[in-house]
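Written below as structure tokens is the structure these notes are about.
Every read-out reported here was derived from the displayed coordinates using simple, explicitly stated rules and does not represent laboratory data. From a predicted model like this one, the values you see are computed outputs, not experimental measurements. Cβ placement follows ideal geometry from the backbone for every residue including glycine, while neighbour counts extend to all protein chains displayed.
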Amino acid sequence: MTLRIPARLTAPEPGWVISADVIVVGSGIAGLTAALRLRQRVDRVLLVTKTVLSEGSTQWAQGGIAAALDPADSAEEHLGDTLVAGAGVCDEDAVRVLVSEGPARVRELVTLGTQFDRGPDGEISLTREGGHGRDRIAHAGGDATGKEISRALIASLGAALVAVKEDPGIEVLEHALVVDLLQDKDSRVCGVTLHVIGEGQMDGVGAARARAVVLATGGIGQVYSATTNPSVATGDGVAAALRAGAVIADLEFVQFHPTVLWLGEGASGQQPLLSEAMRGEGAFLVDGDGVRFMGGVHDLADLAPRDIVAKAIVARMAQTDADHVYLDARHLGKEFLEQRFPSIVARCRELGFDPVTDLLPVAPAQHYASGGVRTDVLGRSSLAGLYACGEVSCTGVHGANRLASNSLLEGLVFAYRIAEDITSRLSAGDLRSTDPWVRREDTTLVAAQERTGIQRAMTVGTGAVRCADSLAQAAKNLQFIADSRSGSTADPDSWETSNLLHVAQLLTAVASLREETRGGHVRSDFTEHDDDHWLGHTYAVREADGLITTSFHPTAPRDVS
Ligand SMILES: Cc1cc2nc3c(=O)[nH]c(=O)nc-3n(C[C@H](O)[C@H](O)[C@H](O)COP(=O)(O)OP(=O)(O)OC[C@H]3O[C@@H](n4cnc5c(N)ncnc54)[C@H](O)[C@@H]3O)c2cc1C
């Protein structure tokens, strides 16, 4: 099916204009790290975020952040585990950057005030998660790592803000939704259009102009009916970059977390995650008859990589005609569970399940997008002036499947690199200030009430397990929504829903293309890896006429055994 996507979302013409040297979009670990580091070297940084600074997936991260901090561990071992999880299609150079620069970046988080959990010897305590061959996950507040990192980063940002009160070099705009990217005549990105719920002049749609834009808008989880991602994860960054003509890579590799608390058939939106660290500490999966089933599936049993566990759960649910299985953590005991997993235990109890005495019903739900805006190891996208970091990006570190706790690290490491690259390019006069070119192409807008239909089409057709028929049906349903001219006003709900549609259409298109099973892309009609044809990356680009073209980019085979 031919896929066309308009160049912009329908929005009023900007009523005001502001400018900065660099605009950072998003305030998770990636955006905050980029803004803080940039602020040390660049005069005017503008940080815009859709709701409040602390909102995003970062503050929901439970398990921790992976880094070879233990003297007995090494970057090389971390590299090996990451390549195995990525199922042959990681970009090895990017992974080397991640694992070798990661420990220093995590130590800087400590300097910024992040309180990681420590053992009796005063050292940061490290735990293990699925796919890791060693204990290398630093955690905080037991199971509240992201919240603590986010708190420390925001506090530092606050300190930076106080420090520059007289000459505010860093401006924070909350309740500011970026709608589209501004580009000059040569397609160089030179700013964003954004909608601000603000006061005075800076209210409604405006334009922010800069020499470089850093997208750090997080994930796409709300494309599906059930996800662990918060409500802001509507794929805005991927959609805006796609419309602007950036290369989007590997979008078909979607990680479905195996152990998301199952709250009944009708549950939708953000669902509670039961961290992999629970299995790391000894919890295990059983089916409705109390039978453990991971032993025969993989050497690491319940700690196998996530795609394998999710696939095994889907298969067990099909065999037993059930819509969930169970996680058994009862043997870990009350004292240990409450001390190690305080947030999870509290949330389960709120919802009527006690991990100390009850089996916990679980089923896979969307968790992480391994693909996104394609970047090199400096964080540069295919469009001049546009950078991307964190979950919105595809640096290539995750390949077909993200290794647990590597994503906070990726945001941290590559946001820092972007700040370094922008700084040196600004001093070299390499990032010019250019004027946006007013484009007259067609625009689009989908009504907010279409959101449920998009999510249903994706969950049924492009979900944890896909096949040619289900993907074709999803593409048809999504095109029907795109073609329906249901009247809509230009507002944040409609912009988000339009972004969900564009991401959903692209994801379905590339998932149809890849006729094999690999990592987070599981096909029931092509159940094996096909290294002869599919060892590599899918790229998708919007051409000037709106047509989406796709291409395949092989990677060199390597031994990751
Ligand atoms: C429940 C849960 C548990 C997890 N546990 C772990 C873990 O233990 N370890 C690990 O490594 N990873 C974990 N992850 C994944 C990890 O948290 C995310 O991948 C990571 O935090 C993403 O960071 P980010 O900075 O890219 O995006 P986010 O933290 O999601 O931030 C995105 C930001 O962009 C803003 N934004 C979005 N769209 C717009 C727009 N149009 N305009 C302006 N602003 C916008 C959002 O408001 C938000 O501030 C977990 C994720 C979830 C959901």
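Think of it as helices only: each DSSP H run of n ≥ 4 in the chain is worth -39500 (n - 2.57), and spread over all residues that comes to -10000 deg cm²/dmol at 222 nm.
In terms of other Cβ atoms within 10 Å, Cys389, Cys394 run from fewest to most in the order Cys394, Cys389. Summing charges over neighbours of Gly461, with a neighbour being any other residue whose Cβ is under 10 Å away from its Cβ, gives +2 when K and R count +1 and D and E count -1. Fully extending the segment from Phe552 to Val286 would add 91.8 nm, taking 0.36 nm per residue of separation and subtracting the current Cα-Cα distance. As a length-normalised measure over Cα pairs under 8 Å and 6 or more apart, the relative contact order of the stretch 409-561 settles at 19 percent.
Taking trypsin sites (Lys or Arg not before Pro) across the stretch 390-474, the ones in a DSSP loop with at most 16 further Cβ atoms lying within 10 angstrom of their Cβ are Arg432, Arg439, Arg440. Taking 7 Å steps out from each Cα toward its Cβ at His331 and Asp358 produces label points 2.2 nm apart.
Computed over the Cα atoms of the stretch 190-236, the ratio of the radius of gyration to the Kirkwood radius (Rg/Rh) comes to 1.10. Using a 7 Å offset from Cα along Cα-Cβ at Glu77, what residues in the stretch 124-157 end up with backbone N under 13 Å from the label point? Zone members listed by number: 126-129, 132-137.
For a straight C-alpha distance cut-off of 20 angstrom, the lysines reachable from Lys50 (same-chain residues fewer than eight places away being disregarded) are Lys147. Over the C-alpha atoms of the stretch 1-98, the Rg to Rh ratio, Rh being the Kirkwood estimate, stands at 1.09. For Cys467 and Arg134, the difference between the fully extended length at 0.36 nm per residue and the C-alpha to C-alpha distance is 116.3 nm. Put simply, the Cα atoms of the stretch 1-44 extend 47, 31, 14 Å along their principal axes, the longest span coming first. Between Asp93 and Arg425, the contour length at 0.36 nm per residue exceeds the alpha carbon distance by 117.3 nm.
The HN-Hα couplings worked out from phi for the stretch 303-317 by the Karplus form 6.51 cos²θ - 1.76 cosθ + 1.60 (θ = phi - 60°) are 9, 5, x, 4, 4, 5, 5, 4, 5, 5, 5, 4, 5, 5, 5 Hz, whole numbers, x standing for Gly and Pro. Once the mean of 1/r is taken over each pair of separate Cα atoms and inverted, the stretch 83-127 shows a Kirkwood hydrodynamic radius of 12.6 Å. Coupling constants for the stretch 138-144 follow from the phi torsions by the Karplus curve (6.51 cos²θ - 1.76 cosθ + 1.60, θ = phi - 60°), and in residue order they are 7, 9, 9, x, x, 10, 10 Hz; glycine and proline get x.
In plain terms, the bigger the Kirkwood radius, the slower the diffusion; for the chain, with that radius from Cα pairs, at 25 °C and 0.890 mPa s, Stokes-Einstein puts D at 104 µm²/s. The H on the amide N of Ser225, modeled in the peptide plane, is under 5 Å from the matching H of Thr459, each at least 5 residues off or on a different chain. When Phe414, Phe336, Phe353 are arranged by Cβ crowding within 10 Å, least crowded first, meaning fewest neighbours, the order is Phe336, Phe353, Phe414. Compactness check for the stretch 429-561: Cα Rg over 2.2 N^0.38 Å is 1.28. Once the Cβ-Cβ distance of Asp43 and Asp531 is raised to the sixth power relative to R0 = 35 Å, the FRET efficiency obtained is 0.10. As a proxy for reagent exposure, Val291, Val377 were ordered by neighbouring Cβ count within 10 angstrom, fewest first; the result is Val291, Val377.
Among the trypsin sites (Lys or Arg not before Pro) found in the stretch 471-519, those both in a DSSP coil and sparsely packed, with 16 or fewer other Cβ atoms within 10 Å of their Cβ, are Arg485.
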